[in-house]
Amino acid sequence: MSDKPIPGGNDVKVEFEDGIAWVHIDRPEKRNAMSIGLAREMNDVLDKLETDDRCGVIVLTGSGEAFSAGMDLKDFFRAMEGLSDVERHRIYRETRAWQWRTLMYYAKPTIAMVNGWCFGGAFTPLICCDLAITDEDAVFGLSEINWGVIPGGVVSKAISTLMGDREALYYVMTGKKFDGRRAKELGLVNDAVPAAKLKDETRELARELLGKNPTVLRQARMAYKYAREMNWEQASEYLTAKADQTDLVDPEKGKQQGLSQFLDQKTFKPGHGNYERAEEEG
Ligand code: ACO
């Protein structure tokens, strides 16, 4: 077991459990509204977890009764008024780093576990995680229109990647709330489950991911995310090259193991589960 310190500790709480890093937005008294300090701490935490052996999968969630009540309106609106343009630019860059770029292209799989309120800016990290599970009674809302701003940051862009235009615009234009069951129908989450089962279901999904070849899992996630931005010709070339690169960088040599176990030893069928992964050394 690593003797490294546990990252976070102020507005971000990390708990390790058998390869899962439970990363909590930890401002329950503010319904986990995302402040500037939180952005800086989360950037540091995610950077550290990326190379931390205790973390094979990240679950992003919130402490207390909220996933996150969105951007901290005091920090991001009231307090911004007195700042220079350069300072504002830096704060937006730091915020978008963790909420969007880092989570979207993270080296390890990410699951958002929506345990309660999820408003406005919170849609960005939700959508930029690979997978998401919600409490079926969690409350979601693009509330920006209700108080005179647009879904900015990258919220409007993020929702357009998962929601259809009619549905996205309906919620952008009305600010109406919806629950976890509806979030599932809208494609924002993979599953909506009763609160009592939320952690167990999320843990089960995380464990399933931990059982996969981590290099191939990372390559597969990146291949999907980059290819969807390309045209067919570009995607075809890129995916062929990415597949070759995967063979090259995979220390487990998963493809060779899988082929040999299916074709030669006849001990495994890909349609039914994972190939037998060699025991890790050490
Ligand atoms: N920014 C700053 N502070 C917040 C935020 C926020 N987004 N959300 C909640 N808080 C604070 C409250 O001001 C309150 O602080 P106080 O104790 O110092 O008065 C504390 O968190 C608790 O909030 P309550 O409103 O008392 O909690 P309640 O459980 O009654 O309601 C709810 C929860 C519905 C989430 C409510 O707090 C709310 O509507 N929050 C704002 C939601 C929102 O629209 N977020 C912004 C989206 S737009 C964007 O992200 C750019």
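The values are calculated or read from the model by the stated rules, or taken from the named source; none is laboratory data. Quantities reported herein were computed from a predicted structural model and do not represent experimental measurements. Cβ atoms come from the backbone with ideal geometry, glycine included; neighbour counts cover every protein chain shown. Heads up: the accessible areas ignore ligands, DNA and RNA and are worked out on the full protein's heavy atoms, side chains in. Shrake-Rupley method; radii C 1.70, N 1.55, O 1.52, S 1.80 Å.
Would you work out the relative contact order for the chain, in percent, from Cα pairs under 8 angstrom that are 6 or more residues apart? Don't skip to the answer; put the middle values down first.
Values: 456 pairs, mean separation 38.2, N = 282.
It rounds to 14 percent for the chain.
In terms of solvent-accessible area of protein heavy atoms at a 1.4 angstrom probe, what is the ranking of R27, R182, highest value first? Show your work: numbers first, answer last.
Details: R27 30, R182 70 Å².
Sorted descending by solvent-accessible area, the residues read R182, R27.
In square angstrom, what is the accessible area per residue of the chain with a 1.4 angstrom probe? Walk me through the numbers on the way to the answer.
On the way: 15320 Å² over 282 residues.
Spelled out: the 1.4 Å probe surface of the chain, per residue, equals 54 Å².
Among G62, A138, W100, whose Cα sits farthest toward the positive end of the charge dipole of the range 37-142 (+1 at Cβ of Lys/Arg, -1 at Cβ of Asp/Glu, about the Cα centre)?
Going by the Cα projections, it comes out as W100.
Which residues in the range 17-35 have a backbone N closer than 19 Å to a point placed 7 Å from the Cα of K177 along the Cα-to-Cβ line?
28-34
Determine the shape class of the range 192-282: with a ≥ b ≥ c the square roots of the Cα gyration tensor eigenvalues, call it rounded for a/c under 1.5, and otherwise prolate if a/b is greater than b/c, oblate otherwise.
Values: a/c = 2.04, a/b = 1.12, b/c = 1.82.
Oblate, since a/c reaches 1.5 and b/c is not below a/b.
Evaluate the distance, in nm, between pseudo-label points positioned 7 Å from the Cα of D85 and of A220 along their respective Cα→Cβ axes.
So the label points at D85 and A220 sit 4.7 nm apart.
Taking the inverse of the average 1/r across all pairs of different Cα atoms in the range 170-218, what Kirkwood radius in Å do you get?
Computed over Cα pairs of the range 170-218, the Kirkwood hydrodynamic radius comes out at 13.1 Å.
Give the relative contact order (percent, whole number) for the range 89-219; include only Cα pairs under 8 Å separated by 6+ residues. It would help to have the intermediate numbers written out before the result.
Working: 192 pairs, mean separation 36.2, N = 131.
Taking the mean separation of contacting Cα pairs over the length of the range 89-219, I get 28 percent.
Out of residues 5 or more away from T134 or on other chains, whose amide H comes under 5 Å of its own, with H placed 1.01 Å from N in the peptide plane?
V114, D191, A192, V193
Using only the Cα atoms, work out Rg/Rh for the range 1-139, with Rh taken as the Kirkwood radius, to two decimals. Each step should come with its number before you reach the end.
Values: Rg = 14.5 Å, Rh = 15.0 Å.
Checking Rg against Rh, the ratio lands at 0.96.
Give a residue-ordered list of calculated ³J(HN,Hα) values for the range 164-174 (Karplus: 6.51 cos²θ - 1.76 cosθ + 1.60, θ = phi - 60°; whole Hz; x for Gly, Pro).
So the Karplus estimates, Gly and Pro as x, are x, 4, 4, 5, 4, 5, 4, 6, 4, 7, 9 Hz.
Hull surface divided by four, with the convex hull built on the Cα atoms of the range 119-235: how many nm²?
On the way: hull surface 33.8 nm².
For the Cα atoms of the range 119-235, the hull's average projected area reads 8.5 nm².
Determine the distance separating the Cα centre of the range 71-110 from the Cα centre of the range 111-181; give it in Å without decimals.
Taking the Cα centre of each part, the range 71-110 and the range 111-181 sit 17 Å apart.
Using the Cβ atoms and a cut-off under 15 Å, what net charge is assigned to the surroundings of G153, where Lys and Arg are +1 and Asp and Glu are -1? Numbers along the way, then the final one.
Working: positive: R88, R90, R93, R96, R101, K157; negative: D72, D75, E94, E144.
Summing Lys/Arg as +1 and Asp/Glu as -1 gives +2.
FRET efficiency for T267 and K197, Cβ-Cβ distance as r, R0 = 41 Å, nearest 0.05? Don't skip to the end; give the middle numbers.
On the way: r = 34 Å, r/R0 = 0.84.
Result of the calculation: an efficiency of 0.75.
Counting pairs of alpha carbon atoms under 8 Å apart in space and at least six apart in sequence, what relative contact order in percent does the range 203-282 give? Mind showing how you got there, number by number?
On the way: 45 pairs, mean separation 19.5, N = 80.
Across the range 203-282, relative contact order equals 24 percent.
State whether the chain is rounded, prolate or oblate according to the following rule on the C-alpha gyration tensor (a ≥ b ≥ c being the square roots of its eigenvalues): a/c under 1.5 gives rounded; otherwise a/b larger than b/c gives prolate, and the remaining case gives oblate.
On the way: a/c = 1.75, a/b = 1.61, b/c = 1.09.
In terms of gyration-tensor shape, prolate.
Which is farthest toward the positive dipole end of the range 193-269 among A196, L263, A235, measuring Cα position about the Cα centre, with Cβ charges +1 (Lys, Arg) and -1 (Asp, Glu)?
Working it through, the farthest residue towards the positive pole turns out to be A196.
Summing +1 for each Lys or Arg and -1 for each Asp or Glu, what net charge is found among the other residues whose Cβ lies under 13 Å from the Cβ of A196? Display every interim value, and only then the final one.
Working: positive: K197, K199; negative: D135, E136, D137, D200, E201.
Net charge in that neighbourhood comes out at -3.
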